[in-house]
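Shown next, in C-alpha cells, is the structure this report addresses.
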Amino acid sequence: MSKSSPTKPAKNKTSKEVLLTRPTNKETKRIFVAATRMNDGKTTTCLGLFASLLAQFSNVGFIKPIGQRFLKVEGLDIDEDSFLLDSIYNVSTPISAMSPIAVDGEFTRRYLDNPKSSLDQIVNDICVAFDRAAWEKDCILIEGTGHAGVGSVFDLSNAQVAKLLDAKVVIVAQGGVGRPIDEISLNKALFDKAGLEVVGAILNKVEPSKAEMVKEYAGKGLKRLGVPLLGVLPKEKVLSAPNLSQIGKEIKAKWINGQLHGMKQRITRVVIGAMTAKHIIDYLSTGTLIITPGDREDILLWAIASAGMPGARSIAGIILTRDLKPHSKILNMLSETDIPAMTVEKDSYEVASMINNMTVKTEPQDLDKIPLIKEMVMDNVDIEQIINAF
C-alpha cells in the first residue's frame, strides 16, 4: 500500500498561545477501539490488531488518549497499555505522545473546580499528542478507556474523544449472544449521537465449544443493529492466568525463596493445603500454586523432597499464610531448591479469594502470551473489513 503523507505535527503550545481544538492531521487512517465494559479484552484485542495492521502497512501508530492505570516512565505518568504496546512493537514514537492524559485520583476534582480552562488544555494535549503519534504513519490505532461513556464527567467520553480525533469505531464485548448485543446497542447509541460510524464488533472470551453458535446468532443480532460482527476470539486459559509475581503484588507477599525462577511462573491452578501432604499430591499438575499456613511443615517437607525427584509433578509456587514461619532448618532446606515461595499475613482462604478475583493484565515480560494473542486475533478477526472502513 502507498504511504500517506500526514501533515507535520504541531509544536507544543504554551498557555499564551492558541490552543488546538482539533488535530491538524487529517490524512492518517485511524480506528478507535472501545469496549462495552472494563476488562472485556480491549487491550488484548489492540495488541493483536496492531500486529494485523503491521502485516498490511509499513508504519502503524498507537495512542491511548486517556488512561486510568499508569506507571512512571522517564518521570512521566504513562498509561500501562501504551507502555506495554510500545515495549512489544517499538512504535518509534515518543511514549509521551502515546499517552497524553493520565487520570489520577484527584483528576476529576481538579477538573470540576475549573472545567472550562481544564477542558481546553486537555483537548490541546490530546490533539498535539495525536499529531505526533500519527506523524509519518500509514494508520494509527486509538485505544479507548472502558465503555463509550467513560470520561463524561470531564466532558471527554470515549465517544467525544473518537469524535475529536475523527475516528471510526470498533466495539469489543465479552462473548455470548443476548448480553453483548444489549451492551453494544447501548454503546452504539452514544457513538451514533456523536455522529460516528461503528464499523463492527469483536466478541472476546468465547468458549471454544460455543464459538460457531455465537458467531451465527450474535452475527444475526448485531446485523439487526447495523453492526457487522468482525470476529469471535476464543477464551484462552493462559491469557487469564496470572504469573506468580503478579499474585505476589496483589496479595502484598514477601519472597522467601526462588524469586528469580518464580517470577514468570504461570499459575493455572490453586490448591489450598488444608489436607495432608500425601493427599495433596493427587491434586497437583503443572502450574499449580499451593496455599498453606506456614506451620504446615509436612507439605513443605514433601515439596522439598519431591523437588529433585525424576518425573515429579511441577509446583509453580508455594504461599505460606498467616505470617507463620517454618522452622529455620526447613527454611535452609528450602533454600537449597529453586521452589518459588512467598509469605503473607493473610489467611489461606482470603489469599485464594483475592487470586480468584484478580484482574490479570498482560505485561511486557509475558512472552508466552504475546505470540498467542497475535495469532488469535489474526486468525479470527476480519482485518480487511476494518481496513476497508478507513
In segment 133-143, is there at least one residue being among the small types (Gly, Ala, Ser), outside any loop (DSSP other than H, G, I, E, B) and more than 20 Å from residue 77 (Cα to Cα)? yes
Can you find a residue that is farther than 20 Å from residue 169 by Cα, assigned to a strand (DSSP E or B) and either of a type in the set (Ser, Thr, Tyr) or at pLDDT below 95 (or both) anywhere in segment 103-126? no
Take the conditions more than 19 Å from residue 51 (Cβ to Cβ) and either in the same structural domain as residue 43 (by TED's automatic domain parsing) or modelled with pLDDT of 95 or more (or both) and apply them to residue 88. Does it pass? no
I'd like the full set of residues that are in contact (Cβ under 8 Å) with a residue 24 or more places away in the chain and either of a type in the set (A, V, I, L, M, F, W, C) or not in a loop (DSSP other than H, G, I, E, B) (or both), limited to segment 151-160. 153, 154, 156, 158, 159, 160
Considering residues of segment 339-367 that are acidic (Asp, Glu) and more than 14 Å from residue 244 (Cα to Cα) only, the residue nearest to the chain's Cα centre (by Cα): 350
Search result, residues across segment 226-264 that are assigned to a loop (DSSP other than H, G, I, E, B) and not small (Gly, Ala, Ser): 227, 228, 235, 236, 242, 252, 263, 264
Quick one: would you say residue 51 is more than 27 Å from residue 200 (Cβ to Cβ), assigned by TED's automatic domain parsing to the domain that holds residue 161 and either surrounded by 17 or more Cβ atoms within 10 Å (Cβ to Cβ) or at pLDDT 95 or above (or both)? no
In segment 19-36, what count of residues is obtained for those that are of a type in the set (D, E, K, R) and assigned to a loop (DSSP other than H, G, I, E, B)? 3
So, in segment 161-177, of the ones that are assigned to a helix (DSSP H, G or I) and touching a helix residue (DSSP H, G or I) at 6+ places or on another chain (Cβ under 8 Å), which residue ends up farthest from residue 116 (Cα to Cα)? 162
(1) closer than 24 Å to residue 390 by Cβ; (2) crowded, with 19+ Cβ neighbours inside 10 Å all hold for residue 136 apart from (2)
Name the residues in segment 1-48 that are surrounded by 13 or more Cβ atoms within 10 Å (Cβ to Cβ), of a type in the set (Ser, Thr, Tyr) and at pLDDT 50 or above, would you? 24, 28, 36, 43, 44, 45
Looking only at segment 267-295, how many residues end up being under 18 Å from residue 367 (Cα atoms) and modelled with pLDDT of 90 or more? 1
Residues of segment 46-78 classified as in a helix (DSSP H, G or I) and of a type in the set (D, E, K, R), total: 0
Checking 344, 351, 377 in turn, the sole residue that is at pLDDT 95 or above, assigned by TED's automatic domain parsing to the domain that holds residue 198 and surrounded by 15 or more Cβ atoms within 10 Å (Cβ to Cβ) turns out to be 377
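The rows are residues; the columns are (1) within 18 Å of the chain's Cα centre (by Cα); (2) assigned by TED's automatic domain parsing to the domain that holds residue 166; (3) basic (Lys, Arg).
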position: 67; (1), (2), (3): yes, yes, no
position: 75; (1), (2), (3): no, yes, no
position: 96; (1), (2), (3): no, yes, no
position: 103; (1), (2), (3): yes, yes, no
position: 110; (1), (2), (3): no, yes, yes
position: 113; (1), (2), (3): no, yes, no
position: 118; (1), (2), (3): no, yes, no
position: 129; (1), (2), (3): no, yes, no
position: 132; (1), (2), (3): no, yes, yes
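The values are calculated or read from the model by the stated rules, or taken from the named source; none is laboratory data. Not measured: the values here are computed from a predicted model. We place every Cβ from the backbone using ideal geometry, glycine too, and count neighbours over all the protein chains shown.
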